[in-house]
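The values are calculated or read from the model by the stated rules, or taken from the named source; none is laboratory data. Predicted model only: the values in this text are computed from it and were never measured. Cβ: placed from backbone, ideal geometry, glycine included. Neighbour counts: every protein chain shown.
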Amino acid sequence: MTTVALFHSVLGVRPGVTDAAARLRAAGHEVLVVDQYDGRVFDDYAGAGALAEGIGFPALMARAEEAVRDLPDGFVAAGFSNGAGMAEHVATRRLVSGVLLFSGALPMAVLGAPSWPAGLPAQLHRATGDPFRSAEWDEAFADDVAAAGGVLEVVEHPVDGHLFTDPGLPAEYDAAATDRLWREALAFVDRVTA
């Protein structure tokens, strides 16, 4: 068992994040849910995006690093959408055993990092119909991982929602895809921390 640092999407710590933490804990892992918004939660992307831009991405990245400061090396960094970028950022600054990315991935050039950590494995979950999906960024991230000798597992989910694991977003939520995501994600955590 390991520790997982879990970063929320631009919408904050919504039911999809608390459900994720519960599933990880039920599998025996310790979970640090990083709340970068001090309890603020959103239902709409526009309002949430305005808050994130107001804080600024450099400040959010600094908060992400500070949040995991006391975790021992070897934890798993995980995040949803914007939080996936935070998980990646942390992975470029700390020794982690793996990275779980849900509904988003950023190339190293966008993060301002020189390279992906050597040999670090990652798993990316994405919806085929995600309106926010960037195939260009996904491909560039895959190239970054490969160039560093890492393995990227990409799991495609045939659904349309962006945050399709969040039961509090009924227009996006898909229960079957959520169950599949967690089967794959928990198996990944077991593999990279064995």
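Determine whether residue 13 is under 23 Å from residue 91 (Cβ atoms), within 13 Å of the chain's Cα centre (by Cα) and at pLDDT 95 or above.
Yes: the conditions hold for residue 13.
Taking region 12-45, which residues are more than 14 Å from residue 102 (Cα to Cα) and touching a Ser or Thr at 6+ places or on another chain (Cβ under 8 Å)?
Residues satisfying the conditions are 29, 30, 31, 32, 33.
List every residue pair whose Cβ atoms sit under 8 Å apart, with the two residues 6 or more apart in sequence or on different chains, where the first one lies in region 60-83 and is acidic (Asp, Glu) and the second, anywhere, is surrounded by fewer than 17 Cβ atoms within 10 Å (Cβ to Cβ) and not in a loop (DSSP other than H, G, I, E, B).
What qualifies is 65/93.
Can you work out which of the residues in region 1-40 that are assigned to a strand (DSSP E or B) and in contact (Cβ under 8 Å) with a residue 60 or more places away in the chain is farthest from residue 87 (Cα to Cα)?
3
Within region 21-33, does at least one residue satisfy the condition of being of a type outside the set (Asp, Glu), over 23 Å from residue 141 (Cα atoms), at pLDDT below 95 and more than 16 Å from the chain's Cα centre (by Cα)?
Within region 21-33 (the criterion being of a type outside the set (Asp, Glu), over 23 Å from residue 141 (Cα atoms), at pLDDT below 95 and more than 16 Å from the chain's Cα centre (by Cα)), the answer is no, since none of the residues qualifies.
Mind listing whichever residues of region 37-60 are under 19 Å from residue 92 (Cα atoms), at pLDDT below 95 and surrounded by 15 or more Cβ atoms within 10 Å (Cβ to Cβ)?
Answer for region 37-60, where residues must be under 19 Å from residue 92 (Cα atoms), at pLDDT below 95 and surrounded by 15 or more Cβ atoms within 10 Å (Cβ to Cβ): just 57.
Show the residue pairs meeting these rules: Cβ distance below 6 Å; 6+ apart or different chains; first residue within region 170-182 and within 10 Å of residue 125 (Cβ to Cβ); second residue in a helix (DSSP H, G or I).
Matching pairs, first to second residue: 182/23.
In region 63-86, what count of residues is obtained for those that are in contact with a helix residue (DSSP H, G or I) (Cβ under 8 Å, 6 or more places away or on another chain), hydrophobic (A, V, I, L, M, F, W, C) and assigned to a helix (DSSP H, G or I)?
Final tally of qualifying residues: 2.
Can you name the residue in region 72-95 that is among the charged types (D, E, K, R) and surrounded by fewer than 17 Cβ atoms within 10 Å (Cβ to Cβ) and, of all such residues, is nearest to residue 31 (Cα to Cα)?
Selected residue: 73.
Could you check region 108-125 and list, in sequence order, the residues that are closer than 18 Å to residue 10 by Cα and over 11 Å from the mean Cα position of the chain (by Cα)?
Answer for region 108-125, where residues must be closer than 18 Å to residue 10 by Cα and over 11 Å from the mean Cα position of the chain (by Cα): 110, 111.
For residue 69, indicate whether it is surrounded by fewer than 19 Cβ atoms within 10 Å (Cβ to Cβ), among the charged types (D, E, K, R) and over 25 Å from residue 171 (Cα atoms).
So residue 69 passes the test.
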